[in-house]
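Colleague: Take a look at this one; I'll ask things after.
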Amino acid sequence: MSATAPIRRLDPILVDRIAAGEVVERPASAVKELVENAIDAGARSVEITIEGGGRRLIRVVDDGRGMAPADLALAVERHATSKLPDGDLGAIATLGFRGEALPSIGAVSRLSITSRPEGAEAGASLVVDAGRKGEVTPAAASRGTRIEVTDLFAATPARLKFLKSDRAENAAIGEIVRRLAAAQPGIRLTLRTEAGSPLVLPAETGDGAMLRRLGAVLGPDFPANALPVNLEREGFAVAGHVGLPTYHRGSAGHIHLVVNGRPVRDRLLLGAVRGAYADTLFSDRHPVLGLIVTCSPDLVDVNVHPAKTEVRFREPGLVRALVVSAIHDALGRGGARSSTTGGLRTLEALRPAAPRLIAHTGYAAPSLFRPTAPAPIPRDLPSFGAPAGYTTPFYSPTPGLAEATQALLEPLPDLPPQAETAAEVDPFGEDHPLGAARAQIHGTYILAQTRDGLVIVDQHAAHERLVYERLKAQRASGGIARQGLLIPDVIEMEPEAAERLAACAEELERLGLSLEPFGPGAVLVREIPALLVGASIRDLVTDILDALDASGLEDGAAPATETGPLGRSLDAVLSRMSCHGSVRAGRRLRPEEMNALLREMEATPNSGQCNHGRPTSVELKLADIERLFGRR
């Protein structure tokens, strides 16, 4: 080994600047460290002020315990901390513990700290300029700590070249603050930047505190589309709220995960969340949720990454199973619920367009829907014929959704007095969550009336989910019911595809599909799942081939009831199969069939969305519909 110069010890200030690169990557990293210190100091209110995207100024003011002059002098020394009193790394109960934040920030900026503990007559101040520590001096201060970071990375100008625009850095800081807010709902957080109004997150306490804080962080629509989660097992607990599958986003940035009060981006937990939503979301969409995992500190290692955003559990399999089970249970309780935003989008689609002015005439073009009284119900529509004891008429498909909706807004005839007092007289009553079927339009959509609005159901998407859940239940209970074909069907295909199917014949038989090789480039299908009788067998086999390719299911795998990758692969195949056994779009349904579909949706887990993540129903509240038609 050769060297151009003799080996020497680096200057301590240079060492600090190099080490700072692990902790302070950008202004958002500094904000995270400073706010975490404030939380560890018992602050109930933290105010952050940012200028120049954090380059010019980061100010963090808290009302925590504060520091005495002697502690203040030690606080900026590397690896000095008050958070490990007994030196036990297996019992870390604070957000910070490395003793690196303040010296790392001070090494690459001008750091000013002013602090006063409760009961002290005066505070103390200290300045660290590019790693050079000044003297502790008396200063006027209120209880708590005030930290100002100016000229960030002035001591390491190369790092400045890699920072993004002020707007992008402000957005990164805002994301850090929101994640800390989701993890600590009892603390008031305020973020002020040069752009726009401040972000103010009041402290939330009492019942529903977590949901209110998540609503402030994830958006005002979240609480109405969230399901509570609460599950404990063998020393671990999972709590929080998860969004309905139909309430999703295009990125994973709205997944908030917290471990013992610490916001994390842990791969194990993210994988568990994706697995729990696997068959309810589009592959390119992401759920919206806030989950808190709590356990004894000795069951989790938080000393894994300098930024402390990853953790390692002593029982990773148990934690993953707990998270998946908790989310599955919550989604199952959600039943046929679909996101409220679907109804809002529907109303926007039906809302009158803004009047368009024709140049030089002053004439406003008429809108399709004008805020006037709706047209009367057309009396020449053929009737389905209502069930016995049910007096409200059913209507066959109308020319379009707009016309049907307008007609349905007319008050329907009142039920006879005896039906209003005896629920059993009206077996398809409006008190059900999905209401009573009133019409089918375009052979695809069921219109149902509830006590306070209207529900539109996509019959194919809904029945596809119902068939899928039945198939999964049959597989879990010991085997999918099969129906033998009177004449076995020969399906020709490419030789490679036939070999692929033959290699997975054993697994497919557990799914109710019995087939065998039939010469080169063909398979013989002898049995199909009983729920899929009447489906095109050729199309069914083609879809199964696609599912096998996508899932990576291999011959000789473990039993089909096993959870994990194999179980998810088999579910993917069942999802493709269920499409062939569902009510097709364009099929006209009788009133009793429509109502039976609605009742089964209400009793089936995850029926609020189809296997591909699309909503199966949209609810419109009567008050919103009345506003749409100028009645309010």
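Colleague: Is there a residue being outside the structural domain of Ser29 (by TED's automatic domain parsing), surrounded by fewer than 20 Cβ atoms within 10 Å (Cβ to Cβ) and of a type in the set (Phe, Trp, Tyr) anywhere in the stretch 268-278?
Modeller: no
Colleague: Hey, Glu507 hits all of (1) under 36 Å from the mean Cα position of the chain (by Cα); (2) under 17 Å from Val467 (Cβ atoms) but one; which does it fall short on?
Modeller: (2)
Colleague: Separate question: In the stretch 279-320, which residue that is more than 25 Å from Ile176 (Cα to Cα) and within 16 Å of the chain's Cα centre (by Cα) is surrounded by the most Cβ atoms within 10 Å (Cβ to Cβ)?
Modeller: Thr280
Colleague: With respect to Glu464, determine if the residue is modelled with pLDDT under 90 and surrounded by fewer than 19 Cβ atoms within 10 Å (Cβ to Cβ). It would help to see each step written out before you state the result.
Modeller: Working: modelled with pLDDT under 90: yes; surrounded by fewer than 19 Cβ atoms within 10 Å (Cβ to Cβ): no.
No, not satisfied.
Colleague: Kindly evaluate Thr604 against the criterion of being modelled with pLDDT under 85, assigned by TED's automatic domain parsing to the domain that holds Glu464, under 20 Å from Leu281 (Cα atoms) and not aliphatic (A, V, I, L, M). It would help to see each step written out before you state the result.
Modeller: Values: modelled with pLDDT under 85: no; assigned by TED's automatic domain parsing to the domain that holds Glu464: yes; under 20 Å from Leu281 (Cα atoms): yes; not aliphatic (A, V, I, L, M): yes.
For Thr604, the condition - modelled with pLDDT under 85, assigned by TED's automatic domain parsing to the domain that holds Glu464, under 20 Å from Leu281 (Cα atoms) and not aliphatic (A, V, I, L, M) - is not met.
Colleague: Taking only the stretch 33-73 into account, find how many residues are of a type in the set (D, E, K, R), within 28 Å of Asn260 (Cβ to Cβ) and touching a strand residue (DSSP E or B) at 6+ places or on another chain (Cβ under 7 Å).
Modeller: First pass over the stretch 33-73, keeping only residues of a type in the set (D, E, K, R): 33, 36, 40, 44, 47, 51, 55-56, 59, 62-63, 65, 71.
Okay, now just the ones that are also within 28 Å of Asn260 (Cβ to Cβ), so 33, 36, 40, 44, 47, 62-63, 65, 71.
From what is left, the residues that are touching a strand residue (DSSP E or B) at 6+ places or on another chain (Cβ under 7 Å) are 44, 47, 62-63.
The number of residues fulfilling the criteria is 4.
Colleague: Could you figure out which of (1) at pLDDT 90 or above; (2) surrounded by fewer than 19 Cβ atoms within 10 Å (Cβ to Cβ) isn't true of Val242?
Modeller: Just one mismatch for Val242, condition (2).
Colleague: Can I ask one more? Quick one: is Ala73 of a type in the set (A, V, I, L, M), at pLDDT below 90 and in a helix (DSSP H, G or I)? Steps first, please.
Modeller: Details: of a type in the set (A, V, I, L, M): yes; at pLDDT below 90: yes; in a helix (DSSP H, G or I): yes.
When the stated conditions are applied, Ala73 passes them.
Colleague: Something else about it: Mind checking whether some residue in the stretch 484-500 is surrounded by 14 or more Cβ atoms within 10 Å (Cβ to Cβ) and under 13 Å from Asn611 (Cα atoms)?
Modeller: Checked against the condition, which is being surrounded by 14 or more Cβ atoms within 10 Å (Cβ to Cβ) and under 13 Å from Asn611 (Cα atoms), the stretch 484-500 yields no hits at all.
Colleague: Please find, among Leu126, Leu180, the residue that is surrounded by 21 or more Cβ atoms within 10 Å (Cβ to Cβ) and closer than 28 Å to Thr205 by Cα.
Modeller: On the way: Leu126 fails: closer than 28 Å to Thr205 by Cα.
Result of the check over Leu126, Leu180: Leu180.
Colleague: I would also like to ask the following. Would you point out the residue of the stretch 201-217, among those that are hydrophobic (A, V, I, L, M, F, W, C) and in contact with a helix residue (DSSP H, G or I) (Cβ under 9 Å, 6 or more places away or on another chain), that is surrounded by the fewest Cβ atoms within 10 Å (Cβ to Cβ)?
Modeller: So in the stretch 201-217, the residues hydrophobic (A, V, I, L, M, F, W, C) come out as 201, 203, 209-211, 214, 216-217.
Keeping just the survivors that are in contact with a helix residue (DSSP H, G or I) (Cβ under 9 Å, 6 or more places away or on another chain) gives 201, 203, 210-211, 214, 216-217.
Numbers: Leu201: 22, Ala203: 15, Met210: 19, Leu211: 18, Leu214: 25, Ala216: 21, Val217: 20.
Looking at residues that are hydrophobic (A, V, I, L, M, F, W, C) and in contact with a helix residue (DSSP H, G or I) (Cβ under 9 Å, 6 or more places away or on another chain), I get Ala203.
Colleague: Next question. Name the single residue, out of those in the stretch 178-217 being touching a Leu at 6+ places or on another chain (Cβ under 9 Å) and among the hydroxyl-bearing types (Ser, Thr, Tyr), that is farthest from Leu289 (Cα to Cα).
Modeller: Among residues in the stretch 178-217 that are touching a Leu at 6+ places or on another chain (Cβ under 9 Å) and among the hydroxyl-bearing types (Ser, Thr, Tyr), the one farthest from Leu289 (Cα to Cα) is Thr193.
Colleague: Looking only at residues that are touching a His at 6+ places or on another chain (Cβ under 6 Å) and at pLDDT below 80 in the stretch 532-583, which one is surrounded by the most Cβ atoms within 10 Å (Cβ to Cβ)? Step through it out loud before you land on a result.
Modeller: Just the residues of the stretch 532-583 that are touching a His at 6+ places or on another chain (Cβ under 6 Å), to begin with: 532, 535, 540, 582-583.
Filter once more, keeping what is at pLDDT below 80: 582-583.
Details: Ser582: 23, Val583: 19.
My answer is Ser582.
Colleague: So, of the residues in the stretch 431-461 that are in a loop (DSSP other than H, G, I, E, B) and more than 11 Å from Asn595 (Cα to Cα), which turns out to be modelled with the lowest pLDDT? Reasoning before the result, please.
Modeller: So in the stretch 431-461, the residues in a loop (DSSP other than H, G, I, E, B) come out as 431-435, 442-444, 451-452.
Next, only the ones that are more than 11 Å from Asn595 (Cα to Cα) stay: 431, 433, 442-444, 451-452.
Numbers: Asp431: 83, Pro433: 87, His442: 87, Gly443: 86, Thr444: 89, Arg451: 88, Asp452: 86.
Of everything passing the filter in the stretch 431-461, Asp431 is modelled with the lowest pLDDT.
Colleague: Here's another thing I want to ask about it. Specify the residue that is nearest to Leu244 (Cα to Cα); the eligible residues are those in the stretch 603-632 that are among the small types (Gly, Ala, Ser) and outside any helix (DSSP H, G or I).
Modeller: First, pick out the residues of the stretch 603-632 that are among the small types (Gly, Ala, Ser): 603, 607-608, 613, 617, 623, 630.
Among the residues that remain, those that are also outside any helix (DSSP H, G or I) are: 607-608, 613, 617, 630.
Working: Ser607: 11, Gly608: 8, Gly613: 10, Ser617: 13, Gly630: 31 Å.
The qualifying residue nearest to Leu244 (Cα to Cα) is Gly608.
The values are calculated or read from the model by the stated rules, or taken from the named source; none is laboratory data. Worth saying up front: this structure is predicted, and the values here are computed from it rather than measured. Don't worry about glycine lacking a Cβ; one is built from the backbone with ideal geometry, like all the others, and counts go over all protein chains shown.
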